[in-house]
Amino acid sequence: MKNIARFFEIVKGYGDVAEHDRVPAFVAHLDLLREAGDDPAVAEADPDDDAVPVLTVHKAKGLEFPVVFLVGCVEQKFPLRARRDPLELPADLLPEAMPGGDPHLHEERRLFYVAMTRAKEELILTSAADYGTARARKVSRFAVEALDLPSPAPAPRKSQALEALARHQPMPPEAPRPDPPLAASETLTLSFRQIDDYRTCPLKYKYIHRLKVPLLVHHRVVYGSAVHKAVQAHFRARVEGLPSSEDDVIAAFRAAWVSEGFLSREHEEQRLRAGEEALRRFIQEEARAPLIPTGVEQEFAFFVGRTKVQGRYDLVVEREGRITILDFKTGSIDDPEEARKRAKESLQLDVYALAHLRTTGRLPDWVELRFLESGLAGGKRPTAEEAARTEEAVREVSALIRERDFEARPSYMACGQCAFRDICPHTARNPEAET
Ligand code: SF4
């Protein structure tokens, strides 16, 4: 995961400065990095992670591990065959006399020693006679020295044609190690987003919330988050009795803006302008019928069995004893019927209604989605039957997650909007199949 994250950083760093931000140019850039001695594929290992770090000996310097596998201990791999330096330092310029013998071999022996001494409890050296080349490999002289072995000298042999063919056979599928189920006594914490991701596709949930596969920031997320923060700042000011002008809201929007994930500078400028327009319209409309909130970004948490459901309401408004919970959306909904349909089918609103019932003992009178760009709204009056159905849905999802059931549920719609469709082996939207 860290290597993927590191790779994304390199992609992004390149995109920020590249004249031609395209794959062929990026691949050439990667080659240059490698030639210059960088190893873009290897992120820094964190010895505190409960994981198996795979790293070069150079990267292992200064670290220690309980168990170390030092693989490929054969001649010409460790030590590597010496390559002539194309620009050798003239002997007269050397600061001091070099020790006798082959300096390359000295350096490789030193590295082998470094690798072996990374192990605190167990060290396993591995070697094979056959690495797919015509000649059989000899065990590394360093392993022979370290273990005080008699020097083996296998007879050179030609790789058999059948063996060579067998090597290109696909590997038999390895039985995946089952993820142990979560004990019934342990608490599972879920947000609305996690429940929704699981219902969309359990594998998607696993990628995002269990494996935490890093994703490039998407411009929609940057835009949505900045608009939300500006709306929040507006209502916070109102709750605290402070003034909040259109310009204050725009300033909050600009302060929350992150210049990431946009397709081009023009695209970013376009989205900035769209956000400002939407917010100005929202503030003007809001001034005509001001909402007086009792809570902004109010947190909630309740239990369904041993599962804790937590989240935040965007806005809670109480007027003449009537409670309304609102959620603000950015997204191009400009048909009132569609806005109503979204609200009717919204699991998020259902979870809010259930949360309010479980934390205060009463259902809210109204739950609503407000679409900031079009100014449209869609809402519904929650019912006890609906709350019971939502609780049952939470119970079902949490039982499956506890069982570690992450079987893919591909569908044309779900996979089309899934950020993992290019790497997911189960996707119903295979880009190659579509072309
Ligand atoms: S691409 Fe489709 S099947 Fe794969 S994780 Fe995403 S939604 Fe699930």
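Are any residues in the stretch 366-398 touching a residue at least 12 places away in the same chain (Cβ under 8 Å) and of a type in the set (Gly, Ala, Ser), and if so, which ones? Those that are touching a residue at least 12 places away in the same chain (Cβ under 8 Å) and of a type in the set (Gly, Ala, Ser): 374, 375, 377, 378, 379, 384, 387, 393, 398.
Residues in the stretch 26-38 that are over 19 Å from residue 216 (Cα atoms) and surrounded by 13 or more Cβ atoms within 10 Å (Cβ to Cβ): 2 in all. Looking across the stretch 112-146, just one residue is assigned to a helix (DSSP H, G or I), under 34 Å from the mean Cα position of the chain (by Cα) and farther than 14 Å from residue 69 by Cβ, and that is 114. Residue pairs whose Cβ atoms lie under 7 Å apart, sitting 6 or more positions apart in sequence or on different chains, and linking a residue in the stretch 418-429 that is under 22 Å from residue 217 (Cβ atoms) to a partner that is more than 6 Å from the ligand (Cβ to nearest atom) and open to solvent by 50 Å² or more (accessible area, probe 1.4 Å), are 419/215; 421/429; 422/431; 429/412.
Yes/no matrix, rows are residues, columns are (1) open to solvent by 30 Å² or more (accessible area, probe 1.4 Å); (2) within 29 Å of residue 333 (Cα to Cα); (3) more than 16 Å from the ligand (Cβ to nearest atom):
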site	(1), (2), (3)
380	no, yes, yes
383	yes, yes, yes
389	yes, yes, yes
399	yes, no, yes
413	yes, yes, no
417	yes, yes, no
422	yes, yes, no
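Taking the stretch 401-411, which residues are away from the ligand (no atom under 16 Å from the Cβ) and assigned to a loop (DSSP other than H, G, I, E, B)? Passing the criteria: only 403. Here residue 67 fulfils each of the conditions (1) on the phi > 0 side of the Ramachandran plot; (2) at pLDDT 90 or above apart from (1).
With 62, 100 as the choices, which residue is out of contact with any strand residue (DSSP E or B) (no Cβ under 8 Å at 6 or more places or on another chain), modelled with pLDDT under 75 and farther than 30 Å from residue 130 by Cβ?
None of the others qualify; the one that does is 100.
The values are calculated or read from the model by the stated rules, or taken from the named source; none is laboratory data. Bear in mind that the values here come from a model prediction, so they are computed numbers and not experimental data. Counting neighbours? That spans all protein chains shown, and the Cβs are built from the backbone with ideal geometry, glycine included. The protein model used for the area step is the full one, side chains on, heavy atoms only, and it has no ligands, DNA or RNA in it. Shrake-Rupley method; radii C 1.70, N 1.55, O 1.52, S 1.80 Å.
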